[in-house]
Amino acid sequence: MTPKDSSSFSSEQHSSIVRPEFSHRIPLGKIGHDLRVNVSAPSQAREKLCHRFGLLGLEQLDGQFSLSRGEEKHVRAEGEIRAKATQACVITGEPIDEEVHERFSLRFLPQEDMPSDEDIDIEALLAEEADDVPYDGRAIDLGEALAEQLALCLDPYPRRKGSGLESFVEVTPEEGEEEVIEKEEKPNPFSVLEKLKEKKR
């Protein structure tokens, strides 16, 4: 069996890499004390993101980033996202337009610096002002970071007004209430006898 040459292996390995639908990479060497970058997803990328996130439409996806170098290869990013998306109502399936305008904070870390699942401290993670985003150590991808922010900002359960759940309130009886309800529902046998006696009179 003839071994594969290195060129064929590298091309197969390269083709197996999953490419993001919207990519805007900034080399680490270009990031200094303060670098401002505006990114905007073209129509073709927005169509692919619709398929990824199950959207009916994505009219706009823009982002503004202010980047600064931190310790080692860490990069801090203060950003703002603006988007116009169309989702399907979870009840009726009708289209619902949604506008997103949010600010966010990110910290890009080399993949090898990201903590493993076992080492993650949930309380410390929640206390952090910035979300950690892994990168390959050579360039950060602002396009993919913006797409992930879009997924976080969208309403997870979009509902059209009047779809039937606005006035629905689920009431769970508290402890002890169930017994009271059962007693109220069951007729009192003595009251039934009293009524029979009154009828005979």
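In the structure shown, the pairs 48/161; 48/84; 48/73 are assessed against 24 Å; a Cα-Cα span above that value is assigned to 48/161; 48/73. If you take the alpha carbon atoms of the stretch 51-94 and fit the smallest convex hull around them, that volume is 106 Å³ per residue. The fraction of all Cα pairs in the stretch 18-153 landing in successive 5 Å bins from 0 to the largest distance is 2, 9, 19, 20, 18, 15, 10, 5, 2, 1, 0, given as whole percents.
Quick note: the coordinates plus some simple rules give every number you see, no bench work behind them. None of the values given here were measured: they were computed from a predicted structure.
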